[in-house]
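**Q** Encoded as structure tokens, here's the structure I'll be asking about.
The values are calculated or read from the model by the stated rules, or taken from the named source; none is laboratory data. Bear in mind that the values here come from a model prediction, so they are computed numbers and not experimental data. Here the Cβ positions follow ideal geometry from the backbone for every residue, glycine too, while neighbour counts run over all protein chains shown. Accessible surface is based on the protein model in full, side chains and every heavy atom, while ligands, DNA and RNA are left aside. Shrake-Rupley method; radii C 1.70, N 1.55, O 1.52, S 1.80 Å.
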Amino acid sequence: QVQLVESGGGLVQPGGSLRLSCATSGSVLNVYDMAWYRQAPGKQREFVAKIRRGGSTVYADSVNGRFTISRDSAKNTMALQMNSLSPEDTAVYYCSADLEVITAFQRLRNIYWGQGTQVTVSS
């Protein structure tokens, strides 16, 4: 069974930093775009950052210059370095990946989501 697992969330003071990680598991053949999304209480899930297979990146305006997305293609993992955090960054952060996987019978390509990790920025 293919899974995405986030880690690294927690409580941090304003101005602090956190590093989130996302790991894939299961029968993954290829990893295409990987991305981070977040959902604050009472709000819709929003895009944070994306990294393409070739390494190019896209950031939401709200995090550009503060967050850095990266990936390790050999390990099929992704990270999000978050600096200069503010209370407005408080949310559950989800990793997402466009994966090609193999089952007992066929190859499938689909978007997978992790279960989310809580990031709380508060003094």
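**Q** Please go through segment 5-49 and pick out each residue that is of a type outside the set (Ser, Thr, Tyr), open to solvent by 30 Å² or more (accessible area, probe 1.4 Å) and in a loop (DSSP other than H, G, I, E, B).
**A** Answer for segment 5-49, where residues must be of a type outside the set (Ser, Thr, Tyr), open to solvent by 30 Å² or more (accessible area, probe 1.4 Å) and in a loop (DSSP other than H, G, I, E, B): 8, 9, 13, 14, 15, 26, 41, 42, 43, 44, 45.
**Q** Output the number of the condition that residue 24 fails; it satisfies all remaining conditions of (1) without any contact (Cβ under 8 Å) to a residue 24 or more places away in the chain; (2) in contact with a Leu (Cβ under 7 Å, 6 or more places away or on another chain).
**A** (1)
**Q** Go through (1) in a strand (DSSP E or B); (2) of a type outside the set (S, T, N, Q); (3) buried (at least 16 other Cβ atoms within 10 Å of the Cβ) for residue 100 and report which single condition fails.
**A** Unmet for residue 100, out of (1) in a strand (DSSP E or B); (2) of a type outside the set (S, T, N, Q); (3) buried (at least 16 other Cβ atoms within 10 Å of the Cβ): (3).
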